[in-house]
């Protein structure tokens, strides 16, 4: 089955989650293997999430956040902050008024 085309917004959401997750894994001081284990996912799936190749389900987000010692809403908030930065950097430059 062919994969549907992703919109730029969907790619930005996956990238934002990947960035937030990577930061929190580094902050926690655990390796990726332990982060995957504590989040009850495979290391391969974690790698796909970190590469922004896959979407995380809400259940995965909850498990990963709890495994990293944070509340799920904190990880989601960090994802939204990252998404804001990504979207702002993707805006075309605005010409100054004449």
Query raised in the report: Each label point is 7 Å from the Cα along the Cα-to-Cβ direction; what then is the distance between the points at residue 73 and residue 11, in nm?
Result: 3.3 nm
Report summary line: Expected sort for 79, 60, 7 with the fewest Cβ neighbours (10 Å cutoff) up front is 7, 60, 79
Report summary line: For the chain, longest principal axis from Cα atoms; helix 8-28 axis from its Cα atoms; angle between them, nearest 10 degrees, is 50 degrees
Query - Residues 13, 30, 23 arranged by fewest to most Cβ contacts within 10 Å - result: 23, 30, 13
Query - Relative contact order %, the range 8-86, counting alpha carbon pairs below 8 Å whose residues are six or more apart - result: 43 percent
Report summary line: Footprinting proxy, 9, 45: sorted fewest to most Cβ within 10 Å, the residues are 9, 45
Query raised in the report: What ratio of Cα Rg to 2.2 N^0.38 Å holds for the chain?
Result: 1.22
Requested in this report: Any chance you could give the angle, 0 to 90 degrees and rounded to 10, that helix 58-67 forms with the longest Cα principal axis of the chain?
Outcome: 60 degrees
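Values in this text are rule-based calculations from the coordinates and carry no lab data. These figures come from a predicted structure and were not determined experimentally. No Cβ is skipped: glycine too gets one built from the backbone with ideal geometry, and neighbour counts run over all protein chains shown.
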